[in-house]
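Here's the structure, in structure tokens; my notes come after.
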Amino acid sequence: MIQAPTGRLTFEEYCNLDNGDRYELVNGELVEMPLARGKHALIVDALNDIFKAQIKQMGKDWISLHSSIGVRIPQVGRRDTSRIPDICVVTNAQWHGLLDKSAVLEDSPPLLVVEVVSEGTQIIDHRRKRAEYNIVEIPEYWVIDFIANSSTYPPGVKVLTLIEGFYEEAVFRGDEQIVSPTFPELALTAKQILLEV
């Protein structure tokens, strides 16, 4: 196994890493992305399949990918950050532009990103990534939180929609149907996404 470099990296150095492990770049430092736990992985796989079916049904020239695309977040006065969302919906043109280079979007935002919260990432997913994705003007950002032991962030599906430069938030729980500007015909409840019985 090849060791990841230590210390701060430039965005270009990050894009040239080729060691088979997955890392995000956070303020110039590598942060290893741990393997998802079972329910996390099931939610991501199921939702990615649903997005693919919606894209086909709508006849859009889009693609939905699971943990395959990074999003560069320029930081004013700090080193760059590059996040790898659990799901990223992009145009086929965006995806084809990445085929011969590191799969990190730099010049145009994805249409939609999804983060499924893990035990150690609640504040990062709910707050920090919200600010970062707002900076690069991602039109729609979902935060799926299935962790039941948090009073700060109770389980639910948060859909953040970019309106006039700021995210407007809608939270869905139980049998409430998700409202998505990207997928307006989506017939899916929060309970179904959270795999609640």
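Quick look at the values:
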{"quantity": "Debye, to nearest 20: dipole size of the chain, +1 on Lys, Arg Cβ, -1 on Asp, Glu Cβ", "calculated": "220 debye"}
{"quantity": "Nearest 10 degrees, 0 to 90: helix 38-58 Cα axis against the chain principal axis", "calculated": "80 degrees"}
{"quantity": "Nonlocal amide H pairs with W62, under 5 Å, H built at 1.01 Å", "calculated": "N92"}
{"quantity": "Å² per residue, accessible surface of the chain at 1.4 Å", "calculated": "53 Å²"}
{"quantity": "Pairwise label distance in nanometres, D45 with L186, each label 7 Å out on the Cα-Cβ vector", "calculated": "2.0 nm"}
{"quantity": "More than 17 angstrom apart: percent of Cα pairs within region 100-158", "calculated": "42 percent"}
{"quantity": "Gyration tensor verdict on region 52-197 (Cα atoms; rounded if a/c is under 1.5, prolate if a/b is larger than b/c, oblate otherwise)", "calculated": "oblate"}
{"quantity": "Prolate/oblate/rounded call for region 39-131, Cα gyration tensor, a/c under 1.5 rounded", "calculated": "oblate"}
{"quantity": "Accessible-area composition of region 101-197, carbon plus sulfur, in percent [1.4 Å probe]", "calculated": "51 percent"}
{"quantity": "Quotient of Cα Rg and 2.2 N^0.38 Å for region 117-186, N being how many residues it contains", "calculated": "1.11"}
{"quantity": "L99-F166 pseudo-label distance in nm [points 7 Å out on the Cα-to-Cβ vector]", "calculated": "4.2 nm"}
{"quantity": "Under the Karplus curve 6.51 cos²θ - 1.76 cosθ + 1.60, θ = phi - 60°, whole-Hz ³J(HN,Hα) for region 116-126, x wherever Gly or Pro sits", "calculated": "9, 6, 10, 3, x, 10, 4, 5, 4, 5, 7"}
{"quantity": "Positive-pole candidate from I43, L111, Q54, dipole of region 30-116, charges at beta carbon", "calculated": "I43"}
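The values are calculated or read from the model by the stated rules, or taken from the named source; none is laboratory data. As the structure is a prediction and not an experimental result, all values here were calculated from the model. A quick note on method: Cβ atoms are made from the backbone with ideal geometry, for glycine too, and the neighbour counts reach across all protein chains shown. Surface accessibility is based on the protein's heavy atoms, side chains included, excluding ligands, DNA and RNA. Shrake-Rupley method; radii C 1.70, N 1.55, O 1.52, S 1.80 Å.
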